[in-house]
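Chemist: I have a structure here, written as structure tokens, and I will follow up with some questions on it.
The values are calculated or read from the model by the stated rules, or taken from the named source; none is laboratory data. These numbers come from a predicted model, not from an experiment. Methodologically, a virtual Cβ is constructed for each residue, glycine included, from the backbone with ideal geometry; neighbour enumeration extends over all protein chains shown. Ligands, DNA and RNA are excluded from the accessible area calculation, which covers all protein heavy atoms including side chains. Shrake-Rupley method; radii C 1.70, N 1.55, O 1.52, S 1.80 Å.
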Amino acid sequence: MFSRHLTVRGNVGLDSSDQGMNLNATQNSTIEGNEISRGGRCVVFYNSNFNRVVGNVFRGCVVGIHYTAGSEGNVITGNTPRVPKAM
């Protein structure tokens, strides 16, 4: 919250009641290689700008990404639900 130039990598969030990851007034940060599963909202952007959200796994949440309150200039790409491998 109220952070700049963070690197958030390799975290796991499971079964959150509201949000798995909350970016509140987060600026110019990189969010990559995280896994957020089974909850209300996987990620919330609130007044967060110019961040890179790349290569994360978001699955089983009611809402994947909640984007609000003037958030702009974010790059959100290459995020995917994990698909089980065929046997």
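Chemist: Quick one: in the range 8-59, of everything that is basic (Lys, Arg) and more than 14 Å from Gly78 (Cα to Cα), which residue is modelled with the lowest pLDDT?
Modeler: Filtering first and then ranking leaves Arg38.
Chemist: For Met1, are the conditions met, namely being in a loop (DSSP other than H, G, I, E, B) and either out of contact with any Gly (no Cβ under 8 Å at 6 or more places or on another chain) or crowded, with 18+ Cβ neighbours inside 10 Å (or both)?
Modeler: Against the criterion (in a loop (DSSP other than H, G, I, E, B) and either out of contact with any Gly (no Cβ under 8 Å at 6 or more places or on another chain) or crowded, with 18+ Cβ neighbours inside 10 Å (or both)), Met1 qualifies.
Chemist: May I ask you to list the residues in the range 68-77 that are within 14 Å of Met21 (Cβ to Cβ) and open to solvent by 60 Å² or more (accessible area, probe 1.4 Å)?
Modeler: Ile76
Chemist: Counting residues that are in contact with a Cys (Cβ under 9 Å, 6 or more places away or on another chain) and surrounded by fewer than 17 Cβ atoms within 10 Å (Cβ to Cβ), which strands (runs of 3 or more DSSP E) fully inside the range 5-67 reach at least 2?
Modeler: 35-46
Chemist: Six or more apart or on different chains, Cβ atoms under 7 Å: show the pairs whose first residue is in the range 6-24 and on the phi > 0 side of the Ramachandran plot and whose second is open to solvent by less than 90 Å² (accessible area, probe 1.4 Å).
Modeler: Gly10/Gly33; Gly10/Asn34; Asp15/Gly39
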